[in-house]
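Heads up: the structure comes next, in structure tokens.
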Amino acid sequence: MSDPHAADAAVPTFPMARECPFSAPRGYAELRAAGPFARVRLPTGRTAWVVTGHREVRAVLADPRVSADIRRPNFPALVEGEQEVGARTRPFIRMDPPEHTRFRRMLLAEMTVRKARLMRRDIQRVVDERIDELLAGGPPVDLVTHFAHTVSSTVMCELIGVRRGDPWFRRVTGTLGSQVFGGGASTAEGAAEGIGALCDVVEGIIAEREARPGEDLLSRLIAGRLAPGEVTRQELVTTIAILVVAGWETTTNQIALSVLALLQRPELLAELRRDHTVLPAAVEELLRALSVGDSIALRTATEDIRIGDQVIPAGDGIIPLLASANHDESVFPHPSDIDFRREAKPHVAFSYGVHQCVGQNIARLELTIAIGTLIDRVPTLRAVAEPHEIRFRHEGIAFGPEQVLVTW
Ligand code: HEM
């Protein structure tokens with residue numbers, strides 16, 4: 001194992017800021033030019049490897065010698081205290097197989113393409129209702145709070161079986177809103193508090209569904225997994241809380257940043273309005289270009305790992321940079337251009353390998369409906385501020401704008 005605390009002024013610091021919110025940091029291109037791996041210094045003072053090449057990012061994410069277990073000594077946490085909190089709460093996103101597989105399987109059956117399609121009508125209704133509210137309230141309005149956040153938190157509530165009229169609805173969306181809009185997610189304690197509050201609410205919903213089962217995901221998991229003893233109550237609570245947070249924060253940022261990117265490029269908006277069949281390709285291209293979940297995938301090498309002519313020593317932290325892979329010019333020429341007609345190549349915005357996003361079918365559907373419906377129903381939509389006047393969240397699990405004031 002190489003010395004994780006070695007002082008070396010030449011080692012760049014991580015995370016790197018984006019010069020343009022719609023592209024990867026310029027520093028990633030510089031690192032890629034020097035080779036597919038580089039050492040960086042993290043805010044915790046540790047060093048870790050970042051992986052920058054598309055091929056190498058996929059190879060690392062698919063390698064069984066690479067662990068996602070947050071308890072490993074050099075786990076490359078980006079926030080002080082994150083590792084301690086994770087080691088205590090044990091979210092399955094930070095576990096390895098076979099432990100991880102048990103929780104993932106439980107959710108996968110609920111998130112197939114078929115199941116996601118069954119949600120189409122409900123997601124369309126959620127989006128239409130939010131747009132009705134926007135139009136009734138009139139401009140100017142903040143799209144992050146009043147569209148991206150409300151759409152994605154409502155969809156996550158409906159996914160677990162909590163409808164808008166349900167008294168639990170306000171409690172779930174309240175804990176989500178306060179996690180980011182209250183600023184807590186940028187510290188490990190804040191994030192832990194937020195997750196703790198959400199776990200309390202989820203526990204309450206589970207108790208109620210046990211007493212009065214419905215047709216929803218939670219009721220199915222209670223009957224199929226909790227009752228036969230396949231998972232403990234605590235495990236079910238944590239898994240549902242992680243599912244809700246993972247699906248809400250990423251999608252909120254991806255919707256808000258996508259709309260902002262489109263508002264800066266009238267030619268792309270015009271293309272989408274002219275030809276609706278472009279929308280699915282546009283959503284994929286926006287996922288690639290914006291890569292809001294750039295550094296969600298955090299790993300540790302469990303053995304010396306040779307990829308190409310580089311060896312990552314056993315025990316070292318590894319961050320496969322999803323935005324860097326998605327901007328690797330050898331796979332995506334002119335990677336900063338947002339081009340809906342780009343030749344389809346596999347991006348890694350949802351990661352790759354055993355932890356690849358379980359909610360990607362739902363996310364794709366939600367993004368397609370949210371973006372497509374908004375630009376159709378509000379044809380004169382425009383941003384009030386220029387991108388350089390907007391503040392962006394660099395902490396938290398996803399990158400995105402704090403506020404997007406729009407008018408029409
Ligand atoms: C634009 C939207 C989204 C993006 C960019 C995104 C991105 C990601 C990424 C990069 C990972 C992998 C982390 C890793 O390799 O360690 C991940 C995992 C995960 N995502 Fe998503 N996600 C999105 C939407 C969603 C939605 C809507 C849901 C829920 C319905 C969801 C639930 C999850 C869960 C539960 C995991 C953990 C999977 C595992 O560890 O096996 N995500 N997501």
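The values are calculated or read from the model by the stated rules, or taken from the named source; none is laboratory data. As the structure is a prediction and not an experimental result, all values here were calculated from the model. FYI the Cβ positions are ideal-geometry reconstructions off the backbone, even for glycines, and counts take in every protein chain you see. Protein only, heavy atoms only, side chains kept; ligands, DNA and RNA dropped before computing areas. Shrake-Rupley method; radii C 1.70, N 1.55, O 1.52, S 1.80 Å.
The set of residues from segment 78-114 being open to solvent by less than 60 Å² (accessible area, probe 1.4 Å), touching a residue at least 40 places away in the same chain (Cβ under 8 Å) and either touching a Leu at 6+ places or on another chain (Cβ under 7 Å) or closer than 30 Å to Thr373 by Cα (or both) comprises Leu78, Met106, Leu107, Glu110, Met111, Thr112.
Of the residues making up segment 288-332, those that are among the hydrophobic types (A, V, I, L, M, F, W, C) and open to solvent by 10 Å² or more (accessible area, probe 1.4 Å) are Val292, Ile296, Ile307, Val311, Ala314, Val331. State whether the residues of segment 227-242 include one that is closer than 30 Å to Leu286 by Cβ, within 10 Å of the ligand (Cβ to nearest atom) and open to solvent by 10 Å² or more (accessible area, probe 1.4 Å). Yes, some residue in segment 227-242 is closer than 30 Å to Leu286 by Cβ, within 10 Å of the ligand (Cβ to nearest atom) and open to solvent by 10 Å² or more (accessible area, probe 1.4 Å). Can Ala48 be described as under 24 Å from Thr13 (Cβ atoms), touching a Pro at 6+ places or on another chain (Cβ under 7 Å) and touching a residue at least 60 places away in the same chain (Cβ under 8 Å)? Yes, satisfied.
Does Ala192 qualify as being of a type outside the set (Lys, Arg) and either open to solvent by 40 Å² or more (accessible area, probe 1.4 Å) or at pLDDT 95 or above (or both)? When the stated conditions are applied, Ala192 does not pass them. When Val202 is tested against the conditions (1) closer than 15 Å to Met156 by Cβ; (2) modelled with pLDDT of 95 or more; (3) within 17 Å of the chain's Cα centre (by Cα); (4) not basic (Lys, Arg), the lone failure is (3).
Within this structure, Thr145 passes the test of being more than 18 Å from Ala363 (Cβ to Cβ) and under 22 Å from the mean Cα position of the chain (by Cα). Run down Gly137, Gly174 and say which single residue is open to solvent by 60 Å² or more (accessible area, probe 1.4 Å) and not hydrophobic (A, V, I, L, M, F, W, C). On inspection, the qualifying residue turns out to be Gly137.
One residue stands out in segment 62-111 among those that are farther than 23 Å from Pro15 by Cβ and in contact with a strand residue (DSSP E or B) (Cβ under 6 Å, 6 or more places away or on another chain): the one that is nearest to the ligand (Cβ to nearest atom), namely Asp96.
The single residue among Ala301, Ala282, Ala256 that is of a type in the set (A, V, I, L, M) and farther than 21 Å from Ala148 by Cβ turns out to be Ala301.
Note on segment 53-120: enclosed helices (runs of 4 or more DSSP H) holding 2 or more residues that are at pLDDT 90 or above and in contact with a Gly (Cβ under 8 Å, 6 or more places away or on another chain) are 54-61. Is it the case, given these coordinates, that Val348 is aliphatic (A, V, I, L, M) and surrounded by fewer than 22 Cβ atoms within 10 Å (Cβ to Cβ)? When the stated conditions are applied, Val348 does not pass them.
The set of residues from segment 235-279 being under 27 Å from Leu405 (Cβ atoms) and outside any helix (DSSP H, G or I) comprises Gln264, Arg265. For Ile131, are the conditions met, namely being under 23 Å from Asn253 (Cβ atoms), in a helix (DSSP H, G or I), among the hydrophobic types (A, V, I, L, M, F, W, C) and more than 16 Å from the ligand (Cβ to nearest atom)? Considered against the rule, which asks whether it is under 23 Å from Asn253 (Cβ atoms), in a helix (DSSP H, G or I), among the hydrophobic types (A, V, I, L, M, F, W, C) and more than 16 Å from the ligand (Cβ to nearest atom), Ile131 comes out as yes. Listed by position, the strands (runs of 3 or more DSSP E) enclosed by segment 286-361 that each have at least 2 residues that are away from the ligand (no atom under 13 Å from the Cβ) and among the hydrophobic types (A, V, I, L, M, F, W, C) are 305-307, 310-312. Looking across segment 243-266, the residues that are open to solvent by 10 Å² or more (accessible area, probe 1.4 Å), among the hydrophobic types (A, V, I, L, M, F, W, C) and near the ligand (Cβ under 8 Å from one of its atoms) come down to Leu243, Ala246.
If you check Thr52, Thr44 for being surrounded by 21 or more Cβ atoms within 10 Å (Cβ to Cβ) and not acidic (Asp, Glu), only one passes: Thr52.
Scanning segment 372-386 turns up no residue that is within 13 Å of the ligand (Cβ to nearest atom) and either among the β-branched types (Val, Ile, Thr) or surrounded by 22 or more Cβ atoms within 10 Å (Cβ to Cβ) (or both).
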